[in-house]
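Derivation of every value follows stated rules applied to the coordinates shown; laboratory data play no part. Note that the structure is predicted; figures quoted are calculated from it, not measured. Neighbour counts are summed over all protein chains in view; Cβ atoms, including those assigned to glycine, are modelled from backbone coordinates with ideal geometry.
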Amino acid sequence: MNDNTEVKLHFLDYWRVIKLRMGLILLTFFLVMVTAGVYVFFLPREYYSRVTIEIKPDNNKGLDPINMGGMNRADPTFISTQFNILKKTEILYPVIQKLDLVSKLSPAGTPMSESWVARVLERSMNVQEQRNTTLIEVGVYNTSNKLAADIANTIAITYRDKRIDDLKKNVDQTLAEMRDELDKKRDEVKKLFADSAKIRTEESIIDSDPENSNALISLSEKPLVMNEQMVVEKRNLVDQLRNQLSRIEQLQPEELLEALRTLNIDDPTMLKTLPLLQDAQAEEAKLLNSGLGENHMRVRSLRAQRDVYRATLGQQLDSIKRSQKTKFSIEEANLKTLEEKLNELRGKQIDEKTRLTGYVEKKANYLSAKSLLMAIEQRYAAAKFDQVLSTIPVKIWERAEPGLYPEKPKVPVYMLLAALIGIVVGVGLAFFIEYLDTSVKTIEDIEKYLSLTVLAVVPKEIAVLIKQKRDSADAEVYRILKANIEFNQTDREANSYTLVSGGPGEGKSTTLINLAYTYAKSGARVLVVDADLRRPSQHRFFDVDNSVGLADYIQHKAELESIIKPTKLETLSFIPSGKLPQDDAGILNSPRMGSLISQLKMQYDIVFLDSPPILGVSDASMLVSEVDNTIMVVQHRRFPRGMLLRVKQTVTHVGGNLIGVVLNNVDTKQDDSYSYYSNYNDYYSPQRDQKAGDKKTRATAGALPEEGEQY
């Protein structure tokens, strides 16, 4: 909760600064806007013309001698490369020469170089790509709409012609290189063919087709392959027999039936006898479980049958083992014979390949060179046929036309930017000045830097109460000041006051007369003494002649009774300053002045002495030392805090009793933090005064007050 309150207060502080410095902000904004307007007004009006062209990569596919297809792959940097080429001097110099831009773009009477004109032309160009297409817009800005269109069109035409010329040159150069390559390849093919024929003759090699890489050369390799396949099959069979024999060696007669099925061995005797053995064993177990004894006839008969079956199975198992061993031995011998034959064939093949290696290598080189030669001849024939001009590298789709309206400067953009800059600079300048301003801005400043109590906050443009025909809202602030003075003075018998300030024009005299008038209206006998002999002002408030006054009394030229003037308020009296002699400016620093103050304190309930500014003038220091209480008047946002601190130190140094500060001339309309000090204005508003007058009229006439009204 506290954090949100602090943030809100900070925002309000910023808003107060903006409201207070609104004049400066508006002035800065106005100056920036005027400057921007003048600047934009004098900027040259530039027209914009653009030409749309389609750019395609160079189609050199027909010149690829081995048809690798490398030229068909998209180059992601192609378009961006063409952007830069369009702005290079190889394109711009011909444009400058064709349109005589040196004379048209150079300042009057000062022809410039082509390089300078090229830089000017480059800065005026705007090259853009239309997304997901090969279209490019080349735009040009110029003060002449026709010249802008001519430059854009000439750039496109020059670029197109340049691409076509470069492509033709590349084609001619490539064709010449291909012809040289063809001659070299033909010589190479002839030489390789002669070398392979020589080896074939010398080694007596029989080649069924010297131009075919798949033709049979001498001995075929088919018998070797077949023998290798037979060895592999025989080796697998021997391994299978070995595994079967190993498993049979570990079998019991009872396990034989299931094992033979797993090993894929079919034996009729086993298949017939093994079930009989199993049935006899089952019948024997059944008889024993039924209660027959071991020596029962049927049990012994079944056991005899079981023994016969088991003996038969054992004999048959031995027979199977002998049969498997014999079969294994035969197949193993066959495998050995096949392996010996395979080794013999391999030896013959190695000898044969050793003799054919040179020929095969020469033949392969010859056939490879011949294949490449045929591919180059085909590409060369195709290139000669169409000269690679089947695709136009640059095509102009939309020619540039003279613009109807200037595109530069963009006045709305400039003015909007100027408005933003003006606001930012104005607000920044306002906060910067606020940062540099060390004057008193808030009550907290006074309490923090001067350690004094603020007795009252006086709004700006306050009226002189004695000149008002009736009680007004302005009187309330002085009633508040009067109450705070009475609460803050420690000596209840003190009745003499002076108001001091650091410099002239802080409203000290106005505050004094209004405070005196407030005391007088409360019934106290009040005397106002204009002790500011150098710049008197109180006589103008009271409309009193200032020819005779305090100065005359101090100089023994007049008596006290003669200088005390009555006012239109019976309880308020006034002593004017009189005429100060030019040769005696320090007459207040006299014993007669001190005795006068003591005498006046005994004659009146309240005595107010108006004094000059305390800094730089000794009169105020003397008055501060003689009166009971001193009140410091500080004008809002005027003098720096250091000066106000010096005022406090001066009062303290001469022995004055400084009871508080009056913050004067506060603009409550601009500074919301003081708005509650002027709430009493609503109470004294014309509508309320009119309402009160109506009630008084009704009361005088004996009418009852309306419902909800009070006297």
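General observations
- Cross-link pairs beyond the 30 Å C-alpha cut-off, checked among 88/395; 370/395; 162/410; 169/408; 168/363; 146/169: 370/395; 162/410; 169/408; 168/363; 146/169
- Pairs of Lys residues in the stretch 509-616 that lie 8 or more places apart, or on two chains, and have C-alpha atoms under 21 angstrom apart add up to 7.
- Neighbourhood net charge (14 Å Cβ-Cβ; Lys/Arg +1, Asp/Glu -1) for residue 562: -2
- Taking 0.36 nm per residue of separation and subtracting the Cα-Cα distance, full extension of the segment from residue 41 to residue 590 would add 190.5 nm.
- The stretch 443-696: C-alpha gyration tensor shape, a/c 1.5 cut-off, then a/b vs b/c: oblate
- Extension reserve of the residue 318-residue 108 stretch, reckoned as 0.36 nm per residue once the Cα distance is removed: 63.0 nm
- Protection proxy ranking for 521-528, 227-234, using the average of other Cβ atoms within 10 Å per residue and placing the highest first: 521-528, 227-234.
- Taking a ≥ b ≥ c as the square roots of the eigenvalues of the alpha carbon gyration tensor, the stretch 422-504 is oblate, as a/c is not under 1.5 and a/b does not beat b/c.
- Computed about its Cα centre, the charge dipole of the stretch 443-696 is approximately 400 debye, with only Lys, Arg, Asp and Glu carrying charge at their Cβ.
- Ranked packing of 544-553, 404-413, 421-430, 84-93, most packed first, by mean Cβ within 10 Å: 544-553, 421-430, 84-93, 404-413
- Between the stretch 540-582 and the stretch 418-443, the alpha-carbon center distance in angstrom: 47
- Gain on full extension, evaluated as 0.36 nm per residue between residue 327 and residue 235 minus their Cα-Cα distance, stands at 31.8 nm.
- Two-site FRET efficiency, residue 395 against residue 15, from Cβ-Cβ distance with R₀ of 45 Å, rounded to 0.05: 0.15
- Label-to-label distance for residue 543 and residue 201 is 15.1 nm, based on points extended 7 Å past Cα in the beta-carbon direction.
- Counted by Cβ distance under 11 Å from residue 286, the other residues give a net charge of -2, where Lys and Arg count +1 and Asp and Glu count -1.
- Residue 667-residue 559 FRET efficiency (beta carbon distance; Förster radius 51 Å; 0.05 resolution): 0.65
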